[in-house]
Every structure is written in C-alpha cells, then in structure tokens.
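So the structure is just underneath, and the comments pick up after that.
Taken together, the values in this text are just the output of simple stated rules run on the coordinates, not laboratory data. Not measured: the values here are computed from a predicted model. Every residue, glycine among them, receives a Cβ derived from its backbone with ideal geometry; neighbour counts consider all protein chains shown.
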C-alpha cells in the first residue's frame with residue numbers, strides 16, 4: 001500500500017513512541033493502520049473507529065504527511081483524524097467489529113490481536129485517545145459526515 005522505505009519510516013515512529021516495543025509488533029500495528037486507512041477511504045460515511053492499538057499506528061502515519069498524502073492520492077480520499085480523550089464507558093464494542101468488516105470488504109485481512117477493546121492492554125501502546133461519532137470538526141467528537149471517520 002505504501003513504499004517499503006515509507007513502511008520502515010512509519011514503523012520506526014511507532015517503535016520510537018513505544019520504547020521497548022519489538023519491531024515486528026510495531027510493523028503489525030503500522031500495517032493494520034494502513035488497512036484501516038484503506039477501509040475508511042473505501043467507506044467514508046461509515047464512521048469507522050480504530051482500536052487503541054491501531055490508533056497508535058494511525059498517529060504515526062499522520063506524522064508522515066507526505067506518506068499520508070501519497071496514500072490518500074492512491075486511495076482516492078484523504079481520511080481525517082479527530083481525537084478525543086479516552087472514555088471506556090463510551091466504548092461501542094461493535095465499532096471494532098464494523099471496522100474489521102470494512103477492512104475485509106476493502107480487500108484486506110484484519111489481524112484480530114490488533115482489534116482489542118480499550119481496556120485490553122495485551123499490546124501496550126502510548127496512544128491515549130479514542131473516537132466516537134458526533135459534533136462538528138474541531139470538537140472532541142469530530143465529524144463523521146465529511147471525508148472520513150472519527
């Protein structure tokens with residue numbers, strides 16, 4: 001989906017943000033974030049949400065703006081990210097299932113270990129935000145009706 005050297009760069013960002021994380025885990029997180037981005041582009045009105053683990057890779061991708069823009073050009077849509085503070089009481093467990101189904105529909109195979117709920121720390125990551133549909137762009141809840149999920 002992205003050039004090999006870009007995959008290495010984004011993966012390195014995931015690993016740098018998570019001291020002690022094995023490179024293979026950082027790469028899996030990055031690959032899952034790319035699948036998520038592709039699913040979001042394929043289903044822009046679906047209000048897809050990443051798991052906390054996948055969000056870590058998404059954050060790393062966002063920091064690589066040229067890579068993200070190039071990916072958006074290939075996918076046909078720039079997927080926006082609007083974070084909000086985590087709140088496990090707001091967690092919709094079906095949201096993670098819907099995201100995985102959208103990844104499958106986009107032609108990829110989701111890695112179930114990357115799609116755990118917000119209180120599962122089996123893969124500890126630095127990301128501390130989650131997502132839910134709602135409010136206007138720039139608000140804590142984002143805007144699902146525009147060009148991407150939140």
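For this structure, a couple of remarks:
- Paramagnetic reach from residue 126 (point 7 Å along Cα→Cβ, amide N under 20 Å) across segment 12-35: 12-34
- Rounded FRET efficiency, nearest 0.05, which uses the C-beta distance separating residue 23 from residue 98 and R0 of 30 Å: 0.50
- Taking label points 7 Å from Cα along the Cα-to-Cβ direction, residue 5 and residue 111 give a separation of 2.4 nm.
- Tensor-based shape of segment 18-113 (alpha-carbon gyration tensor, a/c under 1.5 rounded, otherwise prolate or oblate): rounded
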